[in-house]
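Worksheet for the structure shown next.
The values are calculated or read from the model by the stated rules, or taken from the named source; none is laboratory data. Not measured: the values here are computed from a predicted model. Positions of Cβ are generated from backbone atoms using ideal geometry, with glycine treated the same way; all protein chains shown enter the neighbour counts. Side chains included, ligands, DNA and RNA excluded: accessible areas come from the protein's heavy atoms. Shrake-Rupley method; radii C 1.70, N 1.55, O 1.52, S 1.80 Å.
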Amino acid sequence: MKPADYRPPFSAREFVAEPTDPPDERIEVGILIVGAGPAGLACAIRLGQLVQESPQLAERLGDVPVAVLEKGKQPGSHIVSGAVVNPRGLRRLFRGQKRIAEMPFYGEVEAESVYFLRAKTALRIPTPPTMKNHGNYVASLSQLVRWLGEQADEAGATILPETSAERLLVQDGRVLGVRTGDKGRGRNGQPLPNFEPGSDILARVTILCEGTQGHLTGIALDTFGLEGESPQVWALGVKEVWKVERPLRRVVHTMGWPLRAGAKYREFGGSFIYPMGQDMLTLGMVVGLDYRDAELSVHDLLQELKTNPLVRRMLEGGERVGWGAKTIPEGGYVALPRRLHAPGLLLCGDGAGMVNVPALKGIHYAVESGRLAAEAAVDALRPGRTPWAPGALGTYDEAVRKSFIWSDLKAVRNMRQAFGRGFYRGGMLASAMTASRGAFPPGNMRTERDAEQPILRTGRSKRYPRPDGKLTFDKLSSVYLSGNRTRDDAPNHLRVQTRVPEELAALWDRMCPAQVYEASDGRVEVTPSNCVQCGAITAKGGRLTPPEGGAGPEYTLT
């Protein structure tokens, strides 16, 4: 039995429409960016630079030259990452106008260690070449994104927070913009006293920078036939931020326990532990969502990880102050869209799958793709050109292919797939791929959809430690720590079948880090108000759609 056997009640056509507002009520902007993450804000900043350089461009773009939609309360509210950031993209974006020292980093990586874990031991091993972080910087990505939002605002962008992009507006094969979601509807969709209808926002170019599991990005891939040669696959990351008594002075990664090495389990992943100044650190667990065990829970694996003596010592006397969860696209080069544009539309960053899994990096690719998208959009708006003409935005694809994004991802294109054969065999194959700089094997290995993996049960859940509220924690207290702002009476934004086999119900129950799904007497009970919009359900047989703007977590340290 596979999750894919129970498809969600969802159709992409439901989220594609023509404009419905009367012409005089439509909101018109020059360039519309969906998503105020690293890609979207880098795009807005670069557009601001180009507008300042060209008064003629500013005139063509109108009264609102650049608008950015953000579904969270503010930029950074829905952002989760490790994060150790390669500064290359930021340096290219700011071109000397901002120094790294002015950005909200916790400092340059001073030292690093990689450990192979067992339950009670930690063996230090050589750092794989792909994981070396010399010259990189530790950050809270939610803090970095808030800072980027301030830079975008100063550059002239109009940022519209608490605004979800629900439908892609398409007419005659051309993207015209988006329709935003309604606010103030009750559980059954009825308007409440504070009801506000959504709006049609029209733009000359729409740039989707939604991040992982981007709603309209998925709609666009389906509508315009842009899917890559292999399906996208994901991992789920769950992280915590701790105040600690002793500073951590190195970046730490682990592999091995608490994951199992056998190929039949398909448990690929590991953990990270990063310093955040003198009195904080962040640690997280990342596991590929092609795992098969219905009882695997990434949240609970993170709790188990903390019982290892190496990790426990780092946290001794400390206090948990932050928690978050998010999916990560892991398909890499072979799952990139066949085109990154459609008439009037561009795709950027994590939404397009620009993540280097062996290097644990994607932020600088998001920033670079946003910068390149801004330049391609402006190029298509030159006098005598129309951005919705066939191929008009193709310069973006060409620029990405000539960039370090393309060369980096191509060199590691087969590494993630290798670990589908088990940890040890995958590790040997990955070593050969690294030594050959991607020349071995010569072709492209296909990915397999996460939802196509058969489900098995092993009794694993009996191993998870009981929450003690000091070192180990349950899911609901973690959701509370995320600052979740979703109304209890809001409409359900999660599409799943509710009558499914016991194994699938158990898988969703355990998988969700926010305790949204509960297996109960042959049914799945859904509590959408718990959802932190991590996106894991979309990988494993359901579908996440946009809740009303402003709902979801309020991350500040993740």
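Results, tabulated for the structure shown:
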item	result
Percentage relative contact order, the chain, counting C-alpha pairs under 8 Å, at least six apart	22
Unit charges at the beta carbon, dipole of the stretch 14-413: most positive-side option, Val367, Gln151, Gly270	Gly270
Rounded tilt (10° steps) of 423-435 against the dominant C-alpha axis of the chain	50
The stretch 231-310: GluC sites (Glu not before Pro) in DSSP coil with no more than 15 other Cβ atoms inside 10 Å	Glu245
Per DSSP, loop trypsin sites (Lys or Arg not before Pro) in the stretch 283-353 with at most 16 further Cβ within 10 Å	Arg338
Computed accessible area, Lys239, all protein chains, 1.4 angstrom probe, square angstrom	10
FRET E, pair Ile125, Ala435, Förster distance 22 Å, beta-carbon r, rounded to 0.05	0.85
Net lengthening on full extension, Asn188/Arg250 (0.36 nm per residue, minus Cα-Cα)	17.3 nm
Rounded tilt (10° steps) of 38-53 against the dominant C-alpha axis of the chain	30
Simple label model, 7 Å out from Cα along Cβ direction - Asp379 to Arg7, nm	3.8
Total formal charge among the other residues, if their Cβ is under 13 angstrom from that of Trp388, Lys/Arg +1 and Asp/Glu -1	+2
Charge context of Ser11, other residues only, Cβ under 12 angstrom, K/R +1, D/E -1	+2
Gain upon complete extension [Ala101, Glu319; 0.36 nm per residue less C-alpha separation]	75.6 nm
Counted charge near Arg463, where neighbours are those whose Cβ lies closer than 15 Å (Asp, Glu -1; Lys, Arg +1)	+4
FRET efficiency for Glu25 and Asp172, using Cβ-Cβ distance with R0 set to 22 Å, rounded to 0.05	0.55
Charge-dipole axis of the chain as Lys and Arg at +1 and Asp and Glu at -1 on Cβ define it, positive-most pick from Ala505, Thr217, Gly420	Gly420
Pairwise label distance in nanometres, Thr458 with Tyr424, each label 7 Å out on the Cα-Cβ vector	1.5
Loop-located trypsin sites (Lys or Arg not before Pro) in the stretch 62-147 whose Cβ has at most 12 other Cβ within 10 Å (DSSP)	Arg95, Arg99, Arg118, Lys120
Full-stretch length increase - Ser54, Ala263 - with 0.36 nm per residue and alpha-carbon distance subtracted	69.6 nm
Within the chain, helix-based [θ] at 222 nm, where runs of 4 or more DSSP H residues each add -39,500 (n - 2.57), nearest 500	-7000 deg cm²/dmol
Dipole moment magnitude, nearest 20 debye, the chain about Cα centre, only Lys, Arg, Asp, Glu C-beta charged	2260
Restraint check, Lys243/Lys410; Lys239/Lys410; Lys183/Lys462; Lys2/Lys361; Lys73/Lys120; Lys73/Lys264, Cα-Cα greater than 32 Å	Lys243/Lys410; Lys183/Lys462; Lys73/Lys120; Lys73/Lys264
